[in-house]
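J.: Let me give you the structure first, and then I'll get to my questions.
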Amino acid sequence: MRRRRQKSRAPAELDITAFMNLMVILVPFLLITAVFSRITVLELNLPPAAETKSKPKKELDLEIIMRTGALEVGDRNSGLIKRIKNKQQEHDLAMLSETLKKIKSHYPNKTNAMILAETTTSYNSLVQVMDAVRVVQVMEDGRPVQAELFPDISIGDAPPDKSRK
């Protein structure tokens with residue numbers, strides 16, 4: 001029998017200089033590009049549950065119901081304020097803004113509103129209505145300025161349309 005002699009080998013050294021060079025370039029690049037990416041978050045609330053105790057009639061519970069053919073602006077306590085029909089297959093956001101400006105002039109301290117959308121409502125339409133409910137453009141000293149309307153928005157499902165029955 002022959003015995004093989006094992007040569008004593010020294011452990012191999014790990015060369016990581018190429019990897020370190022890559023990291024030296026990659027880390028600053030990622031840090032620089034991370035500054036330019038920004039996420040915008042819009043804080044929304046759920047509509048309040050139906051309350052059993054009655055509220056004073058002077059308080060407004062503003063609702064904007066997004067229907068397929070119109071926007072319904074109303075008060076949860078007293079009912080429909082205005083029905084705004086669509087213009088050319090899209091919601092009439094200019095008329096919605098004018099209506100909300102009038103409501104805001106009667107209730108200047110009111111900041112919350114509920115947007116109730118049908119299940120077939122597109123995301124783009126919902127965002128446009130949310131923007132119209134939050135702010136409005138007004139002219140101040142000959143310049144257009146954004147004025148706050150109802151920035152505290154709650155989103156929910158629209159109730160069934162009673163006019164279709």
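None of the figures in this text is laboratory data; all of them are computed from the coordinates on show. All values derive from a computational prediction rather than experimental measurement. Positions of Cβ are backbone-derived with ideal geometry, glycine not excepted, and every protein chain shown enters the neighbour counts.
J.: Do the alpha carbons of any pairs in K104/K162; K110/K162; K82/K102; K82/K104 sit beyond 21 Å of each other, and which pairs? If you can, show how the numbers build up before the last one.
T.: Working: K104/K162 27 Å; K110/K162 28 Å; K82/K102 11 Å; K82/K104 14 Å.
Cα-Cα > 21 Å for K104/K162; K110/K162; rest within.
J.: If each of A34 and T68 carries a label point 7 Å out from its Cα toward its Cβ, how far apart are those two points in nm?
T.: Calculated label separation equals 4.8 nm.
J.: Of L96, H106, V127, which is farthest along the charge dipole of the stretch 62-159 in the positive direction, counting Lys and Arg as +1 and Asp and Glu as -1 at C-beta?
T.: H106
J.: From the square roots a ≥ b ≥ c of the eigenvalues of the alpha-carbon gyration tensor of the stretch 82-129, which class results: rounded (a/c under 1.5), prolate (a/b over b/c), or oblate?
T.: Details: a/c = 2.63, a/b = 1.56, b/c = 1.69.
Cα axes put the stretch 82-129 in the oblate bin.
J.: Using 0.36 nm per residue, how much length does the chain from A12 to D152 gain when fully extended, once their Cα-Cα distance is taken away?
T.: On the way: separation 140, 0.36 × 140 = 50.40 nm, distance 6.50 nm.
My answer for the length gained is 43.9 nm.
J.: Fewest Cβ neighbours within 10 Å first, please rank L30, L14, L100 accordingly. Mind dumping the intermediate values first?
T.: On the way: L30 9, L14 6, L100 22.
Least crowded to most crowded, the residues run L14, L30, L100.
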